[in-house]
Amino acid sequence: MRAFLVVMDSVGIGGARDADQYYNGDLPDAGADTLGHIADACATGQAEEGRSGPLHLPNLARLGLFHALETASGTPRPALTQGAAKGLWGAANELSKGKDTPSGHWELAGLPVPWDWHYFPDETPAFPPEITTLAAKYAGTDGILGNCHGSGTVMIEQFGEAHLRTGQPICYTSADSVFQIAAHEEHFGLERLYDLCTSLAPHLHDMKVGRVIARPFVGAPGNFQRTANRHDYAIVPPEPVLTNWVQDAGRRVYAVGKIGDIFSMTGIDELRKGPDEVLMRHLGDLVDTAEEGSLTFANFVEFDSLYGHRRDVSGYARHLEWFDAELGQILPRLRPDDMLLITADHGNDPSWSGTDHTRERVPVLVAGCGAGALGQIGFVDVAASIAAHLGVPAQGPGRSFL
């Protein structure tokens, strides 16, 4: 038997009990519903760029995606839930005090974050002087650019020309616990950017800043483009997580996408990276070839990075439909005793105000373990259930739903 844990990054389903305590600017996240609002936009002809009509997700629907959406929000959606679901389905709640990538993934892997993350204030300057001094020192420059909250594409448009002229790195943050550094791959140097992040990360981790992210770009003023050479320097989980449990039991663990960065490669034997289209090929290959007893942990980030943060409803809907079609090619190739669990790590409602994540419940859809409703469960129950399926000892507060 094998397990495949697949995270549709940011595909929340609304209904978080504490959403009113999380904000996009001055607007609380109460009422945010990534999947529900996309489905509504599609049904009313408001998501017609590159696609048309109601949201078409037959494979995810058969696993129970829209049943989970109804469970999360408590709002009946008869147009979306026709027919019985063929998988296990439920809506998961997060304990950790965050709506960010590390919090969601750590907790899906069995470990609620045991501290409060440090967030930088939404003001300019955003960073304390001791951090900017260190950033300039490690960069070998006389200062930094940015020092504010902002979207990455906007940051390179705004500061890219000055970066080329001065050599100073562009440092910025967001509503997440993150310190991001953008630099030109050729003029600044990719390895130099990585070295800067490597040197600075321990200081930020000591502050409980979750990630330092290298954001390389290329091009010239007016035509800057971010590259695929992003690298995250995340805090190592302070306790063993699902990947460790499986590896410590002598099994092999494959990471696909951002998983290696999120867990700082702890408990991971092999990493495969690339854009989502390439990641889907990696996932399909592992479904065909991964050995018995193994865990494959995958993250598909472009829901979040390309469409959620950019508030692109049509693009998000297109990517959901692409993912669903690809899933239709993978499901028949699962072995009889395999478990495929599809979930998300937070929300990023493209119809919402602002550009940040939204606090939401997430779907839990399981193929290969029967059919039925799981109801309201916890993020931590995902790890406990995968451990139970693989027959490895689990730690932490999660309870298996198998």
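Read-outs: derived from the displayed coordinates by stated rules, not from any lab. Just so it is clear, the model here is predicted, and its values are computed rather than measured. Virtual Cβ from ideal backbone geometry, glycine too; neighbours counted across all protein chains shown.
Just to be sure I understand: if I project the alpha-carbon convex hull of the range 1-135 onto a plane and average over all orientations, what area do I get in nm²?
On the way: hull surface 50.1 nm².
In nm², the orientation-averaged hull projection of the range 1-135 is 12.5.
Using the alpha carbons of the range 182-326, what is the convex hull volume per residue in cubic angstrom, as a whole number?
140 Å³
Which angle from 0 to 90°, rounded to the nearest 10, does the C-alpha axis of helix 152-166 make with the longest principal axis of the chain?
That helix lies at roughly 20 degrees to the long axis.
Does the range 211-260 come out rounded, prolate or oblate by the C-alpha gyration tensor, with a ≥ b ≥ c the root eigenvalues, rounded set by a/c under 1.5 and, if not, prolate when a/b is larger than b/c and oblate if not?
Numbers: a/c = 7.03, a/b = 2.73, b/c = 2.57.
Prolate, since a/c reaches 1.5 and a/b exceeds b/c.
Once you charge only the Cβ atoms, +1 for Lys and Arg and -1 for Asp and Glu, what is the size of the charge dipole of the chain about its Cα centre, to the nearest 20 debye?
Numbers: 30 positive and 51 negative charges, 119 e Å.
The calculated dipole for the chain is roughly 580 debye.
Along the Cα→Cβ direction, 7 angstrom out, place labels at Lys86 and Trp115. What is the inter-label distance in nm?
4.7 nm
Where in the range 90-112 does the label zone of Lys208 land, with the point 7 angstrom along Cα→C-beta and an amide N cut-off under 12 Å?
97-98
Considering only the other residues whose Cβ falls under 12 Å of the Cβ of Gly74, what net charge follows from Lys and Arg at +1 and Asp and Glu at -1?
Values: positive: Arg17, Arg77, Arg361; negative: Asp33, Glu70.
For residues surrounding Gly74, the net value is +1.
So how tilted is helix 190-206 from the main axis of the chain? Cα-based, degrees 0 to 90, rounded to 10.
With rounding to tens, the tilt is 80 degrees.
Treating the Cα atoms of the range 270-334 as identical point scatterers in vacuum, please give the log10 of the normalised Debye intensity I(q)/I(0) at q = 0.11 Å⁻¹, two decimals.
One equal scatterer on each Cα of the range 270-334 leads to -0.29.
Let's test this: bin the Cα-Cα distances of the range 343-402 at 5 Å from zero up to the farthest pair and state each bin's percent.
4, 16, 22, 20, 15, 10, 8, 4, 1
Would you calculate, for the chain, the mean residue ellipticity at 222 nm contributed by helices, counting each DSSP H stretch of 4 or more residues as -39,500 (n - 2.57) and dividing by all residues, to the nearest 500?
Values: 12 runs with 131 residues, N = 402.
When only DSSP H runs of four or more count, the value is -10000 deg cm²/dmol.
Please give the net charge around Glu49, taking every other residue with its beta carbon less than 9 angstrom from that of Glu49, where Lys and Arg add +1 and Asp and Glu add -1. Before the final figure, lay out the partial values.
Details: positive: Arg51, Arg318; negative: Glu48, Asp312.
Charge balance near Glu49 sits at 0.
So which trypsin sites (Lys or Arg not before Pro) in the range 198-265 end up in coil per DSSP with only 16 or fewer other C-beta atoms within 10 Å? Write down the numbers at each step before the final one.
Values: sites: Lys208, Arg211, Arg226, Arg230, Arg251, Arg252, Lys258; in loops: Lys208, Arg230, Arg251, Arg252, Lys258.
Taking the range 198-265 and a limit of 16 other Cβ atoms within 10 Å, the loop trypsin sites (Lys or Arg not before Pro) found are Lys208.
Place +1 on the Cβ of every Lys and Arg and -1 on the Cβ of every Asp and Glu in the chain, take the dipole about the Cα centre, and give the residue among Ser177, Ser10, Ala387 whose Cα lies farthest towards its positive end.
Positive-most Cα among the choices belongs to Ala387.
Given a cut-off of 25 Å, name the pairs among Lys86/Lys258; Lys99/Lys137; Lys208/Lys258; Lys99/Lys208 whose C-alpha atoms lie farther apart than that in the structure shown.
Lys86/Lys258; Lys99/Lys137
Please report Rg (one decimal) and Dmax (integer) in Å for the Cα set of the range 108-201.
14.0, 46
Could you work out how much longer the chain between Glu186 and Leu306 gets when fully extended? Use 0.36 nm per residue separation minus the Cα distance between them, nm to one decimal. Write out the running numbers ahead of the final one.
Working: separation 120, 0.36 × 120 = 43.20 nm, distance 2.41 nm.
That pair, Glu186 and Leu306, stretches by 40.8 nm at full extension.
On alpha carbon coordinates alone, what is the Rg over Rh value for the range 71-136, Rh being the Kirkwood radius? All intermediate terms of the calculation are to be shown ahead of the outcome.
On the way: Rg = 19.9 Å, Rh = 16.2 Å.
My calculation of the ratio gives 1.23.
What list of whole percents do you get for P(r) of the chain, with Cα-Cα distances grouped in 10 Å bins up to the one holding the largest distance?
5, 24, 33, 25, 11, 2, 0
Order these by the 10 Å Cβ neighbour count, fewest first: Cys197, Cys369. Numbers along the way, then the final one.
Details: Cys197 25, Cys369 18.
Ordered by Cβ neighbours within 10 Å, fewest first: Cys369, Cys197.
Looking only at GluC sites (Glu not before Pro) in DSSP loops with at most 16 other Cβ atoms within 10 Å, what is the longest site-free stretch of the chain? Don't skip to the answer; put the middle values down first.
Details: sites that count: Glu48, Glu49, Glu123, Glu291, Glu292.
Answer from the scan: 124-290.
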